[in-house]
Amino acid sequence: MTAAEETFQPTAPACWCCGGEFDERDLVRLGTHPEVGVCLGCARYLQRRAAEREDELRISPAARLRVGVRGAREWVISRGWHRLPVVGTVLQRIDRHLP
Ligand SMILES: [Zn+2]
């Protein structure tokens, strides 16, 4: 065994979006590019960005409602309410069910 082999330590898989290291089970791989993985949080973020883009391209009453919900989310986040001890936990739980 060479010195390089002795010092080699495999690194944990990293998210290609945020750069964080995760267990393989906590990453989502792209279909035709399995070397690319994103963590579940970033996958959720990308899903929201995709829905936002769809709403921009196809304006409808439901899209306007979702734009309003997103605006309210950004307003709450800009004030840091999502980090408050009790209220923040409730807001984050509600946010999981919003578009
Ligand atoms: Zn990530």
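The values are calculated or read from the model by the stated rules, or taken from the named source; none is laboratory data. A quick note: this is a predicted structure, and the numbers were derived from the prediction, not measured. Please note: Cβ atoms are built from the backbone with ideal geometry, for glycine as well, and neighbour counts cover all protein chains shown. Side chains included, ligands, DNA and RNA excluded: accessible areas come from the protein's heavy atoms. Shrake-Rupley method; radii C 1.70, N 1.55, O 1.52, S 1.80 Å.
Is it the case that Gly88 is among the small types (Gly, Ala, Ser), touching a helix residue (DSSP H, G or I) at 6+ places or on another chain (Cβ under 6 Å) and either exposed (fewer than 10 other Cβ atoms within 10 Å of the Cβ) or free of Cβ contacts under 8 Å to residues at least 60 places away in the same chain (or both)? Considered against the rule, which asks whether it is among the small types (Gly, Ala, Ser), touching a helix residue (DSSP H, G or I) at 6+ places or on another chain (Cβ under 6 Å) and either exposed (fewer than 10 other Cβ atoms within 10 Å of the Cβ) or free of Cβ contacts under 8 Å to residues at least 60 places away in the same chain (or both), Gly88 comes out as yes.
Exactly one residue out of Leu27, Leu84, Leu98 is in the same structural domain as Cys15 (by TED's automatic domain parsing) and not acidic (Asp, Glu), and it is Leu27.
Of the candidates Thr2, Thr89, Thr32, Thr7, the single residue that is at pLDDT 95 or above and over 16 Å from the mean Cα position of the chain (by Cα) is Thr32.
When Ala72 is tested against (1) within 16 Å of the ligand (Cβ to nearest atom); (2) under 23 Å from Gly88 (Cβ atoms); (3) open to solvent by less than 90 Å² (accessible area, probe 1.4 Å), exactly one condition is not met: (1). Suppose the filter is under 22 Å from the mean Cα position of the chain (by Cα), open to solvent by 80 Å² or more (accessible area, probe 1.4 Å) and not assigned by TED's automatic domain parsing to the domain that holds Glu74; does Leu40 pass it? So Leu40 passes the test.
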